[in-house]
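Trainee: Encoded as structure tokens, here's the structure I'll be asking about.
The values are calculated or read from the model by the stated rules, or taken from the named source; none is laboratory data. A quick note: this is a predicted structure, and the numbers were derived from the prediction, not measured. No Cβ is skipped: glycine too gets one built from the backbone with ideal geometry, and neighbour counts run over all protein chains shown. In case anyone asks, the SASA skips ligands and DNA or RNA and just uses the protein heavy atoms, side chains included. Shrake-Rupley method; radii C 1.70, N 1.55, O 1.52, S 1.80 Å.
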Amino acid sequence: MQMALLARLSLASSEARESSLEERHAGSDEQTSEQSTEEAFQASHFDSDSQVRLGSSSVNGSLPNTGQLGGKCDTDNGMMRVPSDRTNYSGDASGEVADRELSVSSAPQRENVILPRLGDVCMEGPFVRRQTSDRGFPRIISSSSMDARGDFSAIENQVRELINDLGSDSIEGQRSATSEIRLLAKHNMENRIVIANCGAINLLVGLLHSPDAKIQENAVTALLNLSLSDINKIAIVNADAVDPLVHVLETGNPEAKENSAATLFSLSFIEDNRARIGQSGAVKPLVDLLGNGSPRGKKDAVTALFNLSILNENKGRIVQADALRHLVELMDPAAGMVDKAVAVLANLATIQEGRTAIGQARGIPALVEVVELGSAKAKENAAAALLQLCTNSNRFCNIVLQEDAVPPLVALSQSGTPRAREKARALLSYFRSQRHGNSGRR
């Protein structure tokens, strides 16, 4: 019962902090730029691209926008329909936990997938138990009628059996066990707490180095699902998971790489972890995924890089890894990631190295175009980036003016979001002061 109470408290805490990210404001201009960018990125993008990502709180290491998934069993055809077999992970970082639904959605959604009822999950209640499938492997099914105490006991026994298989020398046993834990961690916070308390995290971290691609993929996805819990975020990092996650980023199959990036993103919601992840060497493979990954991989990478870019010391690492070139490429509307790329650029524009790289990557014309044609949040972040560029470099200021930025900035100063209006007005005022100063010197 204590375990049940702990799990429910963790879940309640996550839900209570659900809206905290959008309510945060900063004092200094640079902090305002970065923290408002964080709001924009997470509220507008972690909630926008699909209903297949993580969700939990943001303050103590979980993700925003909690809610219940509307998964139902189709009794007519023996199948279960859910939004996806992957996690509701902010806008677009990978995973497969299916118990959180994103609250805002302005972009196209992923297609629904149908999972076989036999051998998979039918979510009729908050608890699950296992049953043997026709293939002889134990499977997880739901039962809304089970008593909570008995349910926890059954889950604990189930998990302990799986942990024995994780530590076995059998490849098939490890594949089956990682797959089962991946599914068991998919559905509710109580299961995630039980799995962690039974000692699965250390074994899963060890399997990130498995030479078997499927075991590695299952292990990293299970850790992603477990990381929805605030408590588990801390436990995963304390199990020295960061370096093995970087190993998966560098060597895994495409889905494993995506889910490793997503896990790093999830862990980076804890402020202390951002420095640890940045120091681990994760930035370079994240940037490689940003440039060479699948569309989903690129989105997973940009979300992770955004969280890391909140920390000042990581900004230089991201710039040095040549991320700006890829971010500017992603500002092409055809890529479908303009808002995400601009949010990261706005953070990187707060350091000199970042501003120089934006100029070299021809990011200024792209930013001006976003001020004119982008979404409300993208316009806001683009204006913030341009303000940093212009007020710190006369050369960049001239380039912005040559790109005919004044008309869209005037429009933004009158009709944008409050922060967008503030940035646009500050930039227009700076242009006027520069013009008057030049006139006075003639």
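Trainee: Among 243-252, 208-217, what's the highest-first ranking by average C-beta atoms within 10 angstrom per residue?
Mentor: Ranked by mean Cβ neighbours within 10 Å, highest first: 243-252, 208-217.
Trainee: Can you figure out the FRET efficiency of S393 with Q320, using R₀ = 30 Å and their beta-carbon distance, to the nearest 0.05?
Mentor: So the FRET efficiency works out to roughly 0.95.
Trainee: Further question: Can you tell me the order of 260-268, 416-424, 297-305, 401-409 when each peptide is scored by its average per-residue count of other Cβ atoms within 10 angstrom, highest first?
Mentor: For the peptides 260-268, 416-424, 297-305, 401-409, the packing ranking is 260-268, 297-305, 416-424, 401-409.
Trainee: Using a 1.4 Å probe on the protein heavy atoms, what percent of the accessible area of region 254-331 belongs to carbon and sulfur?
Mentor: Summing carbon and sulfur atoms, their accessible area is 44 percent of the total for region 254-331.
Trainee: Take T417 and N312, extend 7 Å from each Cα along the Cα→Cβ direction, and tell me the distance between the two endpoints in nm.
Mentor: Label-label distance for T417 and N312, simple model: 2.4 nm.
Trainee: Listed highest first by mean packing, meaning other Cβ atoms within 10 Å per residue, what order do 154-161, 172-179 come in?
Mentor: Order by mean packing, descending: 172-179, 154-161.
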